[in-house]
Structures are given as structure tokens and as C-alpha cells.
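Here the structure comes first, spelled out in C-alpha cells, and everything after it is commentary.
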Amino acid sequence: MKLLILSDSHGDVFSCEEALRCHRDADWIIHLGDGEDDLDRVNMIYLNKRIARVKGNCSWGSPLREEQILELDGKRIFLCHGHRYTVKSTTDLLMAKAIAENCEIALYGHTHRQAYLYLENIPLHLCNPGSIHGGYYGLLHIEGNRINFEKKSLFDEKI
């Protein structure tokens, strides 16, 4: 299973569309807030894509939840924007929440910087795709017990 992970698009629908164009084979599109409405147009174009999204700290008036747990291929995935977990300074609170929710993967945004950390002793994958508005996104591959997160950039893709 392949998940296209986006965050912090801040109105940049074009970059969201470009990332999806590069990865049409993605099974899911996940947006981690601050521009989650930018997927509305993408959803009209790619009707067969499953989409999950949460709201961010700039998502005023959004009816979406701030957190969500997806269960895909036997893996529990915690989704949040990250601002409620102080991710700009530490991922400790996010890590504790993901562990408390029995999740193997935590996806977050907010920092606009790509990050990946695997805690083998737990096990827990912490993944931040960066800001798609800045050209950065992530791919999460789940194949059986194997989980792989790739940091990607629109600047490296042949569009």
C-alpha cells in the first residue's frame, strides 16, 4: 500500500496536484492540515482516491478533527498537524500520544521541514512530509510488516 503524505499546502493546489500526478498509483492521499481544503479539487479529478485529512492551526472554521487514527493493512496510523504536540521543539508529546493510542506510525506536519525518526525499541515511525507549498512531501509504503517512509521533493521529480 502506498500513501501520499502532504501537509501545509496553504492554498497551493497546484503543488498538491503535481505530487499526485507524480504518484498516481498512491492508494491513499493524506493531508496533515493547513490547507486541507486544497484537496477538494484533487478529489474531484481523482475520484477513486481515498483521502484522509485533519485540520491544522491555520484551518480556522474547519469542521475536520484535529486528530485521526487510520487502520490500514493491520497498522494503526496517528494523524495530526502537530501544533498541539509542540513538534517545533520536540516530538516527545507526539511520541507519547502515538504510543498511548497503540499506533506504529505517527504522521505530522506544522514545522514545514521533512523529518523521519524510527524508534526500534517501541516500534514507532515518526514522519513529517514537510510543506508541499515549499515543494516537499512524503510517501509511506506499507507491505506486510515492512514500513518505509520516503522524503520527496517536487524539484527532484520529472513533471
- Kindly give Rg over Rh for the stretch 95-144, based on alpha-carbon atoms, with the Kirkwood expression for the hydrodynamic radius. 1.00
- Note on the structure: Pairs over 19 Å Cα to Cα, from Lys2/Lys151; Lys55/Lys151; Lys55/Lys75; Lys2/Lys75; Lys2/Lys152, come to Lys55/Lys151; Lys55/Lys75
- Message: Please report the net charge: other residues with Cβ closer than 10 Å to the Cβ of Phe78, K and R +1, D and E -1.
- Response: -1
- Message: Is the C-alpha gyration tensor of the stretch 1-114 telling us rounded, prolate or oblate? Criteria: a/c under 1.5 is rounded; beyond that, a/b larger than b/c is prolate, otherwise oblate.
- Response: oblate
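With charges set only on the Cβ (+1 for Lys and Arg, -1 for Asp and Glu), what does the dipole of the stretch 45-139 come to about its Cα centre, in debye to the nearest 20?
Values: 11 positive and 8 negative charges, 76 e Å.
Here the stretch 45-139 has a charge dipole of around 360 debye.
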- Looks like the stretch 47-139, by Cα gyration tensor root eigenvalues a ≥ b ≥ c and the a/c under 1.5 rounded cutoff (else prolate when a/b is bigger than b/c, oblate otherwise), is rounded
- Task: Tally the DSSP beta bridges in the stretch 39-159 and give the antiparallel ones as a percent, rounded to 5.
- Result: 75
- Task: Identify which of Gly134, Gly109, Gly144 has the largest mean-square fluctuation in a Gaussian network model of the chain, with springs joining Cα atoms closer than 10 Å.
- Result: Gly144
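Every number in this text was worked out from the coordinates using simple rules, so none of it is lab data. Bear in mind that the values here come from a model prediction, so they are computed numbers and not experimental data. Positions of Cβ are generated from backbone atoms using ideal geometry, with glycine treated the same way; all protein chains shown enter the neighbour counts.
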